[in-house]
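A quick write-up on the structure given underneath.
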Amino acid sequence: MGVYGEHVLPRIINAGCNMKSNRPQRQRVCDGLAGDVVEIGFGSGLNVPFYPASVTHVAAVEPADVGWKLAGKRIAQSSVPIERSGLDGQALPFPDDRFDAALSTWTMCTIPDIDAALGELRRVLKPGGTLHFVEHGLAPDEGVCRWQHRVEPVQKRLFGGCHLTRPIADTLTRAGFTITELDTYYDDGAPKIFGAMSLGIAQSP
Ligand SMILES: C[S@@+](CC[C@H](N)C(=O)[O-])C[C@H]1O[C@@H](n2cnc3c(N)ncnc32)[C@H](O)[C@@H]1O
């Protein structure tokens, strides 16, 4: 991965994803989580302060060692037991039907094979289990989309493979999830090409 990907990028993500405008979104997406939860792309644990008391355990899946290290203080302060349990959302080391819920925040843009990762989430979620998500992706406006396609190659290089043009709701539906709640909006804190958000809940069959 190199020094940039291993050491610099996780620190940039820790700072960039900790923007004030993200916090209400983290609060919303974590609302209603309960039981045994798998979080893919755990990063530096920025969702940890928002886990509701109904969460009994979190299995964190995160490839970046530096991200996990930066999460240390948040994990230590949490009353929820959190374990780093996997490194790759595309190949989860868990049995079928294990989890009550899953969480993904600004991660579906980065996982190289997102269909494989969603297939894995479906496999490890109990029937009826829910995936709570907030993700940036393809904008609803054509003019913005055009710019997203132009900027995406640079974005991918600078930010560890982060895509700007993934159609989040369609990707979840194609993976067999049923979207039960969805809010799409532009984040006030970001230019539209980076800030076309989808926040909601998708249910595994
Ligand atoms: C933009 S960051 C978001 C981090 C965190 N979810 C947050 O909201 O602050 C994307 C995260 O996905 C992680 N990631 C990249 N490839 C992954 C993979 N194959 N499986 C799981 N996580 C991955 C990155 O290391 C990074 O921590």
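The values are calculated or read from the model by the stated rules, or taken from the named source; none is laboratory data. Computed from a prediction, not measured in an experiment: that's the story for all the values here. Side chains are part of the model used for accessible areas, which takes the heavy atoms of the whole protein and leaves out ligands, DNA and RNA. Shrake-Rupley method; radii C 1.70, N 1.55, O 1.52, S 1.80 Å.
Structural remarks
- Alpha-carbon centroids, segment 18-87 and segment 130-205: separation in whole Å: 20
- Taking 0.36 nm per residue of separation and subtracting the current Cα-Cα distance, fully stretching the chain between ARG74 and LEU87 would add 2.8 nm.
- Apportionment of accessible area to carbon and sulfur, segment 151-205, percent (1.4 Å): 55
- Here the Karplus curve 6.51 cos²θ - 1.76 cosθ + 1.60, taken at θ = phi - 60°, turns the phi angles of segment 47-57 into couplings of 7, 3, x, 9, 5, x, 5, 6, 7, 9, 6 Hz, with x standing for Gly and Pro.
- Computed helical MRE - 222 nm, the chain, DSSP H runs ≥ 4 contributing -39500 (n - 2.57), nearest 500: -8500 deg cm²/dmol
- Once the 1.4 Å probe is applied to the protein heavy atoms, segment 28-103 comes out at 43 Å² accessible per residue.
- Computed over the chain, the Cα gyration tensor eigenvalues convert (square root of 5λ each) into semi-axes of 24, 20, 16 Å, ordered from largest to smallest.
- Most fluctuating residue given options ALA101, ALA53, ALA175, as computed from a GNM of the chain linking Cα atoms under 10 Å: ALA53
- In the context of the full protein assembly, THR130 retains an accessible surface of approximately 30 Å², using a probe radius of 1.4 Å and ignoring ligands and nucleic acids.
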